[in-house]
1. DSSP loop (so not H, G, I, E, B), at most 14 other Cβ within 10 Å: list which GluC sites (Glu not before Pro) in the stretch 48-128 pass both filters.
2. Please enumerate, by chain and number, the aspartates and glutamates with C-alpha under 19 Å from the C-alpha of Lys307, excluding those fewer than 8 residues away in the same chain.
3. Run lengths n ≥ 4 of DSSP H only: what is the helix-derived mean residue ellipticity at 222 nm for the chain, with -39500 (n - 2.57) per run over all residues, to the nearest 500?
4. Can you tell me the order of 388-394, 52-58 when each peptide is scored by its average per-residue count of other Cβ atoms within 10 angstrom, highest first?
5. Report the calculated FRET efficiency for Leu288 and Ala533 (r = Cβ-Cβ distance, R0 = 60 Å), to the nearest 0.05.
6. Quick one: Kirkwood hydrodynamic radius for the chain, alpha-carbon pairs, angstrom, one decimal?
7. Grab the other residues whose beta carbon is less than 15 angstrom from that of Glu423, score K and R as +1, D and E as -1, and report the net.
8. When the chain is fully extended, how far beyond the present Cα-Cα distance does Asp383 get from Asp318, taking 0.36 nm per residue of separation?
Amino acid sequence: MRSWTDTLRFAFQPVVNLTTGGVVGLEILARPVGGDCLAEARRDPELDARLAVLGVRTATHRETLLPLHVNVFAATLADLGGLTPLHDTVREAGRLPWEVTVDVVPPYTHVPQPALLEAVAALRGQGFRISADGVGDGDVPLRLLTDLAPDLVKLDASLLARPAAVRAMRTLCDGLGALLCVEGVETESQCAAALSSGAQLAQGELFAPPTRLPAADVYVPPRSPGVAPLTRSGPSVREFVRPAALLPATASAGQVRALLTGSPEVSGVLLVDAAGVPVRSVHRSRFLLSMSGRYGHALYADRPAAKLGDPPRTVGIDATAWEVLDVVAVGDRDRTSDDVAVVDRHGRCMGVVRLADLVRALAETRVEEAAGLNPLTRLPGSDAITGEVDRRIAAGRTFALSWLDVDHFKQVNDGAGFAAGDELIRAVGRVLQRSASGATRVGHIGGDDFLVLADPEALDPLAAEVLDASWSAGGRPVTLSLATVLCAPGSVTDHRQAAAFLAPLKQAAKSLRGTSWVLGQVGLPGHEIRRGAGVAAGCAVAEPGRG
């Protein structure tokens with residue numbers, strides 16, 4: 001009698017890094033020929049676990065070195081309390097558990113959450129990484145998602161039509177220490193939307209369809225001008241992690257040579273201890289040069305490869321690209337091309353980053369930033385500020401958006417000359433930049449107009465430093481006007497709406513005599529006059545968001 005496994009096949013679909021264009025993993029997909037063992041696996045935890053084991057064995061037979069993603073229903077984990085057979089299979093295959101990500105698949109309805117969380121904790125204890133699959137199109141509760149604290153969140157591509165939701169999920173992932181992946185990407189516009197919304201990884205037919213032979217080469221569309229990944233204070237190293245070629249610390253030089261000659265794309269090998277902690281780093285070129293010498297093979301083939309390696313260079317998974325450059329800059333110059341190992345909080349290797357990827361991305365970031373700088377003050381333009389406003393809205397943060405300008409600036413230019421006017425603008429920009437601290441962002445949007453984005457508690461010291469100064473141009477005294485709108489979570493939907501509430505406050509500030517500052521809050525009528533003498537004759541004061 002034929003078994004259902006006789007008609008079962010597996011396909012592999014690459015998971016792609018949107019920053020580097022490299023393949024960072026392969027998702028194993030069961031493809032039954034006749035019958036529907038997947039529907040049966042949803043009802044039968046033992047069968048579902050067996051499918052995961054068979055998938056890993058199939059991947060092993062394909063001799064892929066890439067990290068693997070294995071799908072398991074949430075109910076299976078809750079019922080079985082973990083996947084001991086999967087752990088045994090991974091070890092038997094010579095792979096390490098942290099090279100395997102368990103994609104926890106919906107549905108979650110009626111799944112006992114305490115049992116699921118306990119099973120996930122057991123998998124983590126064995127070394128497996130955890131992914132929350134089907135988010136956005138599934139039924140995973142937000143509270144459960146945060147309790148799972150996954151290493152990866154896989155978002156359905158249908159949410160790309162709602163970029164605010166994707167940006168919000170990226171913010172949540174940053175808080176959880178997770179990467180964001182978009183599944184089902186089929187078009188170049190979807191790819192661009194995923195990148196601009198903050199996703200670091202993606203998979204779908206656009207890059208490569210599921211195939212029976214693992215694909216290492218994929219199509220990644222060129223990045224459109226102005227489309228950059230969402231970053232914080234320097235790109236995170238998570239965005240550049242590549243799969244690492246790992247061998248046990250006891251591996252011989254012959255074993256390393258066999259791996260390198262059979263995998264030309266591998267730039268180096270990390271030798272790890274039983275816990276997965278890197279102990280030596282073997283650089284491809286230096287190693288093969290030593291082995292190819294006159295007596296190299298005879299001298300080293302059966303000796304430990306560690307003797308031909310160097311101490312590994314490592315960074316934590318939460319490091320930024322700039323911190324990686326600091327690590328590369330220290331030490332021997334002939335090691336600048338070495339891969340840098342990325343380790344988790346236990347010191348286990350999660351992958352490697354290459355210097356070329358970092359330099360390219362940082363250079364692109366600097367070029368884009370430079371293109372957006374105002375040539376007079378070297379401050380960012382409106383796009384940088386409004387983009388950050390949208391990110392804070394998506395993150396549900398309270399913020400204060402302020403508009404500052406010079407009163408009667410045309411008269412200043414006409415009376416003191418444009419050179420004095422330019423110097424005044426530069427001086428105001430310098431003071432704004434000097435007084436900005438923490439999360440405060442300053443932008444020069446043209447002429448004498450500046451935008452300031454800050455947390456509410458940062459407003460008073462910034463305003464005091466700017467407004468208390470004695471300003472002049474060509475010996476003529478000058479006054480400034482400052483308008484601020486406070487935006488609580490949910491009060492505005494995007495930067496355009498925030499700007500619309502700010503406009504009448506600017507009008508109110510300009511209507512006051514002398515240096516002025518008015519402050520309003522979205523949703524509340526009127527505004528508070530914090531600086532400035534009475535309203536000038538003939539000037540109507542508008543309420544925030546009206547008129």
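Any read-out appearing in this document is the output of simple, stated calculations on the displayed coordinates, not a laboratory observation. These numbers come from a predicted model, not from an experiment. Positions of Cβ are backbone-derived with ideal geometry, glycine not excepted, and every protein chain shown enters the neighbour counts.
1. Glu63
2. Reachable aspartates and glutamates: Asp273, Asp332, Asp334, Asp338, Asp339.
3. -11000 deg cm²/dmol
4. In descending order of packing, they fall as 388-394, 52-58.
5. The value I calculate is 0.15.
6. Across the chain, the inverse of the average 1/r is 26.6 Å.
7. +2
8. My answer for the length gained is 20.7 nm.
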